[in-house]
1. For the protein assembly as shown, give the share of DSSP beta bridges that are antiparallel, in percent and rounded to the nearest 5; count only bridges with both residues there.
2. Using a 10 Å cut-off around each Cβ of peptide A:16-25, what is the average number of partner chain Cβ atoms that fall inside?
3. Please give the peptides B:167-177, B:221-231 ranked by average Cβ packing (other Cβ atoms within 10 Å per residue), highest first, as a rough proxy for protection.
4. Average partner chain C-beta neighbours within 10 Å, per residue of B:182-194?
5. What are the residues whose amide H is under 5 Å from the amide H of B:Thr68, where those residues sit 5 or more places off or on another chain and H is modelled from the backbone?
6. For the range B:288-301, in order, what is each residue's ³J(HN,Hα) by Karplus, 6.51 cos²θ - 1.76 cosθ + 1.60 with θ = phi - 60°, in whole Hz (x at glycine and Pro)?
7. For a quick check: with amide H placed at 1.01 Å from N, whose amide H comes under 5 Å from A:Cys45's, ignoring anything fewer than 5 positions away on the same chain?
8. Just list whichever of B:Lys69/B:Lys121; B:Lys13/B:Lys280; B:Lys199/B:Lys280; B:Lys12/B:Lys280; A:Lys64/B:Lys55; B:Lys69/B:Lys280 have alpha carbons separated by over 27 Å in the model shown.
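The values are calculated or read from the model by the stated rules, or taken from the named source; none is laboratory data. All figures in this text were calculated on a predicted structure; none of them were measured in a lab. Every residue, glycine among them, receives a Cβ derived from its backbone with ideal geometry; neighbour counts consider all protein chains shown. The protein model used for the area step is the full one, side chains on, heavy atoms only, and it has no ligands, DNA or RNA in it. Shrake-Rupley method; radii C 1.70, N 1.55, O 1.52, S 1.80 Å.
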Amino acid sequence: MKEKKSKLIVTFHTVTAAMAMESACTAAGMPGRLIPLPREISAGCGMAWSAPVEARAQLEAFVKDRAIPAKGWYELQL
Amino acid sequence: MIYLDNAATTLKKPDCVVQAVTHALTSMGNSARGTHDSALQSARSVFQARSSIAKLFNAPGPERVAFTKNSTEALNLAICGLFNQGDHVITTDLEHNSVLRPLYRLESEGIITLSVVPADKTGRVDYDDFTRLLCGQTRGIVCTHASNLTGNTLDLHRIGQIARAHNLFLVVDASQSAGVLDIDMEQMGISVLCFTGHKSLMGPQGTGGLCVARDVDLRPLQVGGSGTESFSPTHPTEMPTRLEAGTLNGHGIAGLGAGVDFILETGVERIRRHEIALAKRFYDGVTNLPGITVYGDFSSWERTAVVALNIGDYDSGAVSDALWEDYAIATRPGAHCAPRLHNALGTAEQGAVRFSFCWFNTEEEVDTAISALRELAQ
Ligand SMILES: Cc1ncc(COP(=O)(O)O)c(C=O)c1O
(Lines give C-alpha, C1' and ligand atoms only; values in the text may rest on other atoms or scores of the structure.)
Protein backbone atom coordinates (compact mmCIF):
# COMPACT_ATOMS: atom_id res chain seq x y z
CA MET A 1 0.00 0.00 0.00
CA LYS A 2 1.06 3.58 -0.60
CA GLU A 3 2.19 5.95 2.11
CA LYS A 4 -0.68 7.94 3.63
CA LYS A 5 -1.14 11.62 2.85
CA SER A 6 -3.51 14.25 4.07
CA LYS A 7 -6.48 14.56 1.71
CA LEU A 8 -9.54 16.70 1.41
CA ILE A 9 -12.64 14.51 1.11
CA VAL A 10 -16.04 15.76 0.02
CA THR A 11 -19.06 13.48 0.43
CA PHE A 12 -22.47 13.46 -1.21
CA HIS A 13 -25.91 12.05 -0.45
CA THR A 14 -26.30 10.56 -3.90
CA VAL A 15 -24.23 9.33 -6.81
CA THR A 16 -26.06 11.89 -8.89
CA ALA A 17 -24.61 14.68 -6.73
CA ALA A 18 -21.15 13.09 -6.99
CA MET A 19 -21.54 13.03 -10.76
CA ALA A 20 -22.57 16.69 -10.77
CA MET A 21 -19.37 17.41 -8.81
CA GLU A 22 -17.17 15.50 -11.22
CA SER A 23 -18.83 16.98 -14.26
CA ALA A 24 -18.52 20.58 -12.96
CA CYS A 25 -14.96 20.14 -11.68
CA THR A 26 -13.77 18.54 -14.90
CA ALA A 27 -15.29 21.31 -16.99
CA ALA A 28 -13.78 24.03 -14.78
CA GLY A 29 -10.38 22.35 -14.36
CA MET A 30 -10.81 22.03 -10.59
CA PRO A 31 -8.52 19.56 -8.79
CA GLY A 32 -9.55 16.14 -7.53
CA ARG A 33 -11.14 12.86 -8.56
CA LEU A 34 -13.78 10.41 -7.38
CA ILE A 35 -12.73 7.66 -4.98
CA PRO A 36 -14.61 5.03 -2.97
CA LEU A 37 -16.01 6.48 0.26
CA PRO A 38 -13.28 6.03 2.93
CA ARG A 39 -14.36 3.86 5.85
CA GLU A 40 -13.63 6.69 8.30
CA ILE A 41 -16.76 8.38 7.00
CA SER A 42 -19.83 6.40 7.87
CA ALA A 43 -22.59 7.86 5.79
CA GLY A 44 -22.94 9.23 2.32
CA CYS A 45 -23.07 7.73 -1.14
CA GLY A 46 -20.40 5.20 -2.01
CA MET A 47 -18.16 7.72 -3.70
CA ALA A 48 -16.39 10.85 -2.56
CA TRP A 49 -14.36 13.64 -4.12
CA SER A 50 -10.73 13.52 -3.13
CA ALA A 51 -8.48 16.55 -3.61
CA PRO A 52 -5.35 18.07 -2.09
CA VAL A 53 -6.13 19.77 1.24
CA GLU A 54 -4.67 23.00 -0.10
CA ALA A 55 -7.55 23.17 -2.57
CA ARG A 56 -10.19 23.33 0.19
CA ALA A 57 -10.99 27.03 0.04
CA GLN A 58 -11.07 27.00 -3.74
CA LEU A 59 -13.35 23.95 -3.85
CA GLU A 60 -15.65 25.22 -1.12
CA ALA A 61 -16.18 28.43 -3.02
CA PHE A 62 -16.69 26.51 -6.26
CA VAL A 63 -19.24 24.11 -4.75
CA LYS A 64 -21.14 27.00 -3.23
CA ASP A 65 -21.09 28.97 -6.46
CA ARG A 66 -22.39 26.02 -8.50
CA ALA A 67 -24.90 24.97 -5.83
CA ILE A 68 -23.58 21.40 -5.85
CA PRO A 69 -25.23 19.56 -2.94
CA ALA A 70 -22.16 18.41 -1.01
CA LYS A 71 -22.82 16.62 2.27
CA GLY A 72 -19.65 16.77 4.32
CA TRP A 73 -16.07 18.10 4.18
CA TYR A 74 -13.23 16.12 5.79
CA GLU A 75 -9.48 16.10 5.97
CA LEU A 76 -8.19 12.57 6.33
CA GLN A 77 -4.92 10.66 6.19
CA LEU A 78 -5.44 8.38 3.22
CA MET B 1 -41.20 -3.98 -44.51
CA ILE B 2 -42.82 -0.61 -43.94
CA TYR B 3 -43.02 -0.02 -40.22
CA LEU B 4 -45.94 2.23 -39.26
CA ASP B 5 -46.36 1.10 -35.66
CA ASN B 6 -44.15 3.69 -34.02
CA ALA B 7 -46.71 4.60 -31.37
CA ALA B 8 -46.25 1.08 -29.98
CA THR B 9 -42.48 1.26 -30.11
CA THR B 10 -40.01 2.78 -32.54
CA LEU B 11 -38.22 0.04 -34.44
CA LYS B 12 -35.57 2.02 -36.25
CA LYS B 13 -33.26 3.72 -33.75
CA PRO B 14 -30.61 6.32 -34.56
CA ASP B 15 -27.16 4.75 -35.10
CA CYS B 16 -25.86 6.58 -32.04
CA VAL B 17 -28.36 4.66 -29.87
CA VAL B 18 -27.18 1.30 -31.18
CA GLN B 19 -23.57 2.34 -30.67
CA ALA B 20 -24.21 3.62 -27.16
CA VAL B 21 -25.85 0.35 -26.09
CA THR B 22 -23.10 -1.74 -27.67
CA HIS B 23 -20.46 0.38 -26.01
CA ALA B 24 -22.26 0.12 -22.66
CA LEU B 25 -22.60 -3.66 -22.95
CA THR B 26 -18.91 -4.04 -23.54
CA SER B 27 -17.55 -1.47 -21.12
CA MET B 28 -19.87 -0.47 -18.32
CA GLY B 29 -19.98 -1.65 -14.74
CA ASN B 30 -22.59 -0.90 -12.10
CA SER B 31 -23.39 2.80 -11.97
CA ALA B 32 -23.56 3.42 -8.23
CA ARG B 33 -21.42 0.65 -6.86
CA GLY B 34 -17.76 1.58 -6.83
CA THR B 35 -15.27 3.96 -8.38
CA HIS B 36 -13.21 1.83 -10.72
CA ASP B 37 -13.25 3.06 -14.26
CA SER B 38 -16.04 0.85 -15.59
CA ALA B 39 -18.35 1.74 -12.66
CA LEU B 40 -17.63 5.42 -13.14
CA GLN B 41 -18.21 5.17 -16.90
CA SER B 42 -21.65 3.81 -16.14
CA ALA B 43 -22.37 6.46 -13.50
CA ARG B 44 -21.29 9.19 -15.91
CA SER B 45 -23.47 7.80 -18.65
CA VAL B 46 -26.52 7.64 -16.35
CA PHE B 47 -25.84 11.19 -15.16
CA GLN B 48 -25.48 12.39 -18.72
CA ALA B 49 -28.83 10.81 -19.58
CA ARG B 50 -30.48 12.47 -16.56
CA SER B 51 -29.04 15.83 -17.60
CA SER B 52 -30.20 15.50 -21.21
CA ILE B 53 -33.69 14.47 -20.11
CA ALA B 54 -33.89 17.38 -17.66
CA LYS B 55 -32.91 19.69 -20.52
CA LEU B 56 -35.45 18.23 -22.97
CA PHE B 57 -38.38 18.67 -20.55
CA ASN B 58 -37.09 21.69 -18.63
CA ALA B 59 -37.13 19.64 -15.44
CA PRO B 60 -35.54 21.22 -12.34
CA GLY B 61 -32.28 19.29 -12.67
CA PRO B 62 -30.68 15.87 -13.20
CA GLU B 63 -31.34 14.87 -9.58
CA ARG B 64 -35.08 15.21 -10.18
CA VAL B 65 -35.02 12.60 -12.97
CA ALA B 66 -35.53 9.00 -11.77
CA PHE B 67 -35.38 5.98 -14.03
CA THR B 68 -37.92 3.16 -14.25
CA LYS B 69 -38.42 0.34 -16.71
CA ASN B 70 -41.18 2.12 -18.68
CA SER B 71 -43.91 4.70 -18.25
CA THR B 72 -46.25 2.14 -16.72
CA GLU B 73 -43.90 1.82 -13.78
CA ALA B 74 -43.40 5.58 -13.64
CA LEU B 75 -47.16 6.20 -13.62
CA ASN B 76 -47.72 3.60 -10.88
CA LEU B 77 -44.98 5.24 -8.86
CA ALA B 78 -46.43 8.71 -9.36
CA ILE B 79 -50.05 7.79 -8.72
CA CYS B 80 -49.43 5.53 -5.71
CA GLY B 81 -46.70 7.78 -4.33
CA LEU B 82 -48.65 11.01 -4.43
CA PHE B 83 -52.22 10.42 -3.35
CA ASN B 84 -53.50 9.72 0.15
CA GLN B 85 -56.62 8.43 1.83
CA GLY B 86 -59.60 10.63 1.03
CA ASP B 87 -58.08 12.42 -1.97
CA HIS B 88 -60.17 13.13 -5.04
CA VAL B 89 -58.45 12.80 -8.42
CA ILE B 90 -59.52 13.93 -11.90
CA THR B 91 -58.51 12.10 -15.08
CA THR B 92 -59.85 11.92 -18.65
CA ASP B 93 -61.45 9.55 -21.13
CA LEU B 94 -58.31 9.76 -23.28
CA GLU B 95 -56.18 7.76 -20.89
CA HIS B 96 -54.24 4.57 -21.41
CA ASN B 97 -54.75 1.70 -18.98
CA SER B 98 -51.40 2.53 -17.39
CA VAL B 99 -53.12 5.63 -15.99
CA LEU B 100 -56.61 4.20 -15.55
CA ARG B 101 -55.81 0.93 -13.81
CA PRO B 102 -53.62 2.36 -11.04
CA LEU B 103 -56.35 4.97 -10.42
CA TYR B 104 -59.14 2.36 -10.52
CA ARG B 105 -57.20 0.24 -8.06
CA LEU B 106 -56.80 3.09 -5.57
CA GLU B 107 -60.48 3.83 -6.04
CA SER B 108 -61.57 0.23 -5.44
CA GLU B 109 -59.39 0.06 -2.35
CA GLY B 110 -61.33 3.03 -1.01
CA ILE B 111 -58.27 5.28 -0.97
CA ILE B 112 -59.25 7.87 -3.57
CA THR B 113 -62.39 9.01 -5.33
CA LEU B 114 -62.14 9.52 -9.06
CA SER B 115 -63.85 11.70 -11.66
CA VAL B 116 -63.33 11.44 -15.39
CA VAL B 117 -63.51 14.30 -17.90
CA PRO B 118 -65.52 12.86 -20.80
CA ALA B 119 -64.49 12.87 -24.45
CA ASP B 120 -66.98 13.50 -27.26
CA LYS B 121 -67.23 11.26 -30.29
CA THR B 122 -64.20 12.84 -31.93
CA GLY B 123 -62.19 12.42 -28.73
CA ARG B 124 -62.25 16.08 -27.68
CA VAL B 125 -62.67 17.27 -24.11
CA ASP B 126 -64.31 20.41 -22.73
CA TYR B 127 -61.68 22.05 -20.51
CA ASP B 128 -64.34 23.59 -18.30
CA ASP B 129 -65.15 20.06 -17.14
CA PHE B 130 -61.90 19.99 -15.16
CA THR B 131 -63.16 22.91 -13.09
CA ARG B 132 -66.72 21.58 -12.93
CA LEU B 133 -65.48 18.30 -11.41
CA LEU B 134 -63.48 19.97 -8.62
CA CYS B 135 -64.48 19.39 -5.02
CA GLY B 136 -62.99 20.18 -1.65
CA GLN B 137 -60.94 16.96 -1.60
CA THR B 138 -59.49 17.29 -5.10
CA ARG B 139 -55.72 16.84 -4.91
CA GLY B 140 -54.64 16.22 -8.45
CA ILE B 141 -55.17 15.79 -12.17
CA VAL B 142 -53.64 12.82 -13.95
CA CYS B 143 -53.76 13.05 -17.73
CA THR B 144 -52.04 12.15 -20.94
CA HIS B 145 -50.35 14.70 -23.17
CA ALA B 146 -51.37 12.90 -26.36
CA SER B 147 -53.78 10.06 -27.02
CA ASN B 148 -52.14 6.88 -28.30
CA LEU B 149 -55.35 6.12 -30.22
CA THR B 150 -56.19 9.36 -32.04
CA GLY B 151 -52.99 11.39 -31.69
CA ASN B 152 -55.00 14.31 -30.28
CA THR B 153 -53.37 16.29 -27.54
CA LEU B 154 -54.55 17.80 -24.31
CA ASP B 155 -53.60 21.44 -23.80
CA LEU B 156 -51.19 21.14 -20.88
CA HIS B 157 -50.79 24.90 -20.55
CA ARG B 158 -54.50 25.16 -19.92
CA ILE B 159 -54.71 22.18 -17.59
CA GLY B 160 -51.59 23.39 -15.78
CA GLN B 161 -53.27 26.76 -15.16
CA ILE B 162 -56.28 25.02 -13.67
CA ALA B 163 -54.02 22.87 -11.48
CA ARG B 164 -52.07 25.91 -10.30
CA ALA B 165 -55.18 27.95 -9.61
CA HIS B 166 -56.58 25.21 -7.38
CA ASN B 167 -53.33 24.03 -5.85
CA LEU B 168 -53.50 20.57 -7.43
CA PHE B 169 -50.79 18.14 -8.46
CA LEU B 170 -50.55 17.62 -12.20
CA VAL B 171 -49.25 14.20 -13.28
CA VAL B 172 -48.67 13.89 -17.03
CA ASP B 173 -48.33 10.76 -19.14
CA ALA B 174 -45.92 11.84 -21.89
CA SER B 175 -45.55 8.36 -23.41
CA GLN B 176 -46.74 9.53 -26.82
CA SER B 177 -45.42 13.07 -26.84
CA ALA B 178 -41.92 13.02 -25.31
CA GLY B 179 -39.46 13.99 -28.02
CA VAL B 180 -42.06 15.16 -30.55
CA LEU B 181 -44.05 17.85 -28.75
CA ASP B 182 -42.74 20.71 -26.65
CA ILE B 183 -42.83 19.89 -22.97
CA ASP B 184 -41.79 22.50 -20.42
CA MET B 185 -42.41 21.19 -16.92
CA GLU B 186 -41.98 24.52 -15.29
CA GLN B 187 -44.05 26.60 -17.67
CA MET B 188 -46.81 23.99 -17.81
CA GLY B 189 -46.81 23.56 -14.05
CA ILE B 190 -46.27 19.80 -14.21
CA SER B 191 -45.67 18.07 -10.85
CA VAL B 192 -44.63 14.70 -12.23
CA LEU B 193 -43.85 13.93 -15.87
CA CYS B 194 -43.82 10.22 -16.80
CA PHE B 195 -42.06 9.05 -19.95
CA THR B 196 -41.15 5.81 -21.67
CA GLY B 197 -37.85 5.36 -23.47
CA HIS B 198 -38.72 3.06 -26.34
CA LYS B 199 -41.20 5.15 -28.33
CA SER B 200 -40.51 8.68 -29.58
CA LEU B 201 -37.44 9.08 -27.34
CA MET B 202 -35.88 6.44 -29.65
CA GLY B 203 -34.24 4.47 -26.84
CA PRO B 204 -34.32 0.77 -25.98
CA GLN B 205 -37.23 -1.04 -24.36
CA GLY B 206 -36.91 -1.40 -20.62
CA THR B 207 -36.17 2.30 -20.13
CA GLY B 208 -38.38 5.09 -18.87
CA GLY B 209 -38.72 7.35 -15.92
CA LEU B 210 -40.21 10.36 -14.28
CA CYS B 211 -39.26 13.96 -13.68
CA VAL B 212 -40.40 15.30 -10.34
CA ALA B 213 -40.92 19.00 -9.62
CA ARG B 214 -38.86 20.45 -6.82
CA ASP B 215 -41.66 20.84 -4.30
CA VAL B 216 -43.17 17.38 -4.89
CA ASP B 217 -42.30 14.34 -2.79
CA LEU B 218 -43.19 10.83 -3.95
CA ARG B 219 -43.35 7.76 -1.71
CA PRO B 220 -41.22 5.06 -3.31
CA LEU B 221 -42.82 1.80 -4.48
CA GLN B 222 -39.65 -0.18 -3.86
CA VAL B 223 -36.79 0.05 -1.40
CA GLY B 224 -33.57 -1.93 -1.30
CA GLY B 225 -30.02 -1.65 -2.50
CA SER B 226 -28.84 1.89 -3.09
CA GLY B 227 -25.07 1.54 -2.94
CA THR B 228 -25.19 4.16 -0.17
CA GLU B 229 -25.91 4.24 3.57
CA SER B 230 -25.79 0.45 3.66
CA PHE B 231 -26.19 0.23 7.43
CA SER B 232 -29.30 2.33 7.56
CA PRO B 233 -32.44 0.19 7.89
CA THR B 234 -34.31 2.63 5.69
CA HIS B 235 -33.82 3.55 2.06
CA PRO B 236 -32.13 6.94 1.45
CA THR B 237 -34.55 9.82 1.04
CA GLU B 238 -32.54 11.95 -1.38
CA MET B 239 -33.63 12.16 -5.00
CA PRO B 240 -33.18 10.36 -7.30
CA THR B 241 -31.97 7.48 -5.09
CA ARG B 242 -35.25 7.72 -3.18
CA LEU B 243 -37.12 6.34 -6.19
CA GLU B 244 -34.47 3.98 -7.56
CA ALA B 245 -33.86 0.79 -5.59
CA GLY B 246 -31.57 -1.82 -7.15
CA THR B 247 -29.16 -1.75 -10.07
CA LEU B 248 -30.28 0.57 -12.83
CA ASN B 249 -30.62 -0.54 -16.44
CA GLY B 250 -27.33 1.17 -17.26
CA HIS B 251 -27.03 -0.45 -20.68
CA GLY B 252 -30.51 0.67 -21.68
CA ILE B 253 -30.14 4.11 -20.15
CA ALA B 254 -26.96 4.64 -22.21
CA GLY B 255 -29.12 4.10 -25.30
CA LEU B 256 -31.91 6.31 -23.98
CA GLY B 257 -29.42 9.10 -23.28
CA ALA B 258 -28.11 8.81 -26.84
CA GLY B 259 -31.69 8.92 -28.17
CA VAL B 260 -32.45 12.07 -26.20
CA ASP B 261 -29.19 13.67 -27.34
CA PHE B 262 -30.12 12.82 -30.93
CA ILE B 263 -33.46 14.59 -30.40
CA LEU B 264 -31.82 17.63 -28.78
CA GLU B 265 -29.38 17.88 -31.70
CA THR B 266 -32.00 17.33 -34.38
CA GLY B 267 -34.60 19.56 -32.69
CA VAL B 268 -38.04 18.60 -31.40
CA GLU B 269 -39.70 21.04 -33.78
CA ARG B 270 -37.91 19.61 -36.82
CA ILE B 271 -38.87 16.07 -35.85
CA ARG B 272 -42.47 17.11 -35.22
CA ARG B 273 -42.73 18.90 -38.57
CA HIS B 274 -41.39 15.86 -40.45
CA GLU B 275 -43.70 13.41 -38.71
CA ILE B 276 -46.76 15.65 -39.01
CA ALA B 277 -46.10 16.21 -42.72
CA LEU B 278 -46.17 12.43 -43.19
CA ALA B 279 -49.32 12.02 -41.08
CA LYS B 280 -51.04 14.82 -43.00
CA ARG B 281 -50.05 13.31 -46.35
CA PHE B 282 -51.46 10.00 -45.20
CA TYR B 283 -54.65 11.54 -43.80
CA ASP B 284 -55.26 13.52 -46.99
CA GLY B 285 -54.69 10.38 -49.04
CA VAL B 286 -57.09 8.13 -47.17
CA THR B 287 -59.77 10.24 -45.56
CA ASN B 288 -61.97 10.41 -48.66
CA LEU B 289 -61.52 6.81 -49.78
CA PRO B 290 -64.86 5.01 -49.91
CA GLY B 291 -65.69 3.06 -46.77
CA ILE B 292 -62.89 4.53 -44.68
CA THR B 293 -63.62 6.11 -41.30
CA VAL B 294 -60.83 8.06 -39.65
CA TYR B 295 -61.13 8.68 -35.90
CA GLY B 296 -60.26 11.71 -33.84
CA ASP B 297 -60.14 15.45 -34.31
CA PHE B 298 -58.22 16.63 -37.40
CA SER B 299 -59.29 20.26 -37.23
CA SER B 300 -55.76 21.12 -36.08
CA TRP B 301 -52.31 19.60 -36.63
CA GLU B 302 -51.28 20.31 -33.05
CA ARG B 303 -51.18 16.58 -32.52
CA THR B 304 -48.94 13.57 -32.87
CA ALA B 305 -48.41 11.59 -36.06
CA VAL B 306 -51.09 8.98 -35.43
CA VAL B 307 -54.01 8.15 -37.74
CA ALA B 308 -56.48 5.47 -36.64
CA LEU B 309 -59.12 4.21 -39.05
CA ASN B 310 -61.39 1.40 -40.09
CA ILE B 311 -62.62 0.10 -43.43
CA GLY B 312 -66.40 -0.41 -43.47
CA ASP B 313 -67.24 -2.74 -40.66
CA TYR B 314 -64.31 -5.06 -41.24
CA ASP B 315 -62.59 -6.25 -38.13
CA SER B 316 -59.57 -4.02 -37.56
CA GLY B 317 -57.49 -7.15 -36.96
CA ALA B 318 -58.36 -8.52 -40.40
CA VAL B 319 -57.39 -5.22 -42.07
CA SER B 320 -54.11 -4.98 -40.19
CA ASP B 321 -53.36 -8.60 -41.07
CA ALA B 322 -54.06 -7.99 -44.76
CA LEU B 323 -51.78 -4.96 -44.68
CA TRP B 324 -49.05 -7.12 -43.24
CA GLU B 325 -49.56 -10.26 -45.32
CA ASP B 326 -50.12 -8.61 -48.69
CA TYR B 327 -48.13 -5.38 -48.40
CA ALA B 328 -45.62 -5.92 -45.57
CA ILE B 329 -46.99 -2.85 -43.80
CA ALA B 330 -46.86 -3.09 -39.99
CA THR B 331 -49.75 -1.42 -38.12
CA ARG B 332 -51.57 -2.07 -34.89
CA PRO B 333 -55.21 -3.18 -34.78
CA GLY B 334 -57.68 -3.86 -31.99
CA ALA B 335 -58.15 -2.06 -28.73
CA HIS B 336 -55.24 0.15 -27.87
CA CYS B 337 -55.31 -0.09 -24.05
CA ALA B 338 -57.58 2.97 -24.11
CA PRO B 339 -61.00 1.52 -23.31
CA ARG B 340 -62.81 4.74 -22.46
CA LEU B 341 -61.74 6.48 -25.66
CA HIS B 342 -62.80 3.48 -27.76
CA ASN B 343 -66.20 3.78 -26.10
CA ALA B 344 -66.37 7.49 -26.87
CA LEU B 345 -65.36 6.96 -30.51
CA GLY B 346 -67.72 4.00 -30.89
CA THR B 347 -64.95 1.54 -31.74
CA ALA B 348 -65.15 -0.75 -28.72
CA GLU B 349 -66.25 -3.70 -30.89
CA GLN B 350 -64.30 -3.10 -34.05
CA GLY B 351 -61.12 -1.68 -32.60
CA ALA B 352 -59.15 0.50 -35.02
CA VAL B 353 -56.17 0.15 -37.33
CA ARG B 354 -53.54 2.58 -36.13
CA PHE B 355 -50.89 4.04 -38.44
CA SER B 356 -48.14 5.91 -36.59
CA PHE B 357 -45.19 7.66 -38.18
CA CYS B 358 -41.68 8.44 -37.02
CA TRP B 359 -38.62 10.50 -37.94
CA PHE B 360 -37.28 7.68 -40.15
CA ASN B 361 -40.42 7.17 -42.25
CA THR B 362 -40.54 8.56 -45.79
CA GLU B 363 -43.15 9.96 -48.18
CA GLU B 364 -42.72 6.88 -50.39
CA GLU B 365 -43.71 4.66 -47.49
CA VAL B 366 -46.76 6.79 -46.84
CA ASP B 367 -47.76 6.63 -50.51
CA THR B 368 -47.42 2.83 -50.52
CA ALA B 369 -49.67 2.66 -47.46
CA ILE B 370 -52.26 4.90 -49.13
CA SER B 371 -52.30 2.69 -52.25
CA ALA B 372 -52.63 -0.43 -50.12
CA LEU B 373 -55.64 1.04 -48.31
CA ARG B 374 -57.18 2.15 -51.60
CA GLU B 375 -57.00 -1.44 -52.85
CA LEU B 376 -58.27 -2.93 -49.60
CA ALA B 377 -61.15 -0.46 -49.42
CA GLN B 378 -62.44 -1.47 -52.87
C1 LIG C 1 -50.46 6.99 -23.82
C2 LIG C 1 -49.65 5.84 -23.29
N3 LIG C 1 -49.44 5.74 -21.97
C4 LIG C 1 -48.70 4.74 -21.45
C5 LIG C 1 -48.15 3.76 -22.24
C6 LIG C 1 -47.38 2.67 -21.59
O7 LIG C 1 -46.07 2.65 -22.02
P8 LIG C 1 -45.12 1.45 -21.56
O9 LIG C 1 -45.77 0.18 -22.08
O10 LIG C 1 -43.82 1.73 -22.19
O11 LIG C 1 -45.08 1.45 -20.07
C12 LIG C 1 -48.35 3.82 -23.62
C13 LIG C 1 -47.78 2.80 -24.54
O14 LIG C 1 -48.22 1.71 -24.71
C15 LIG C 1 -49.13 4.88 -24.16
O16 LIG C 1 -49.35 4.95 -25.47
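1. 65 percent
2. Mean partner shielding for this stretch: 6.
3. B:167-177, B:221-231
4. Mean shielding count: 0.
5. B:Gly208, B:Gly209, B:Leu210
6. Along the range B:288-301, the couplings run 9, 5, x, x, 9, 10, 9, 9, x, 9, 10, 6, 9, 9 Hz.
7. A:Phe12, A:His13, A:Thr14
8. B:Lys69/B:Lys121; B:Lys69/B:Lys280, as the Cα separations exceed 27 Å there.
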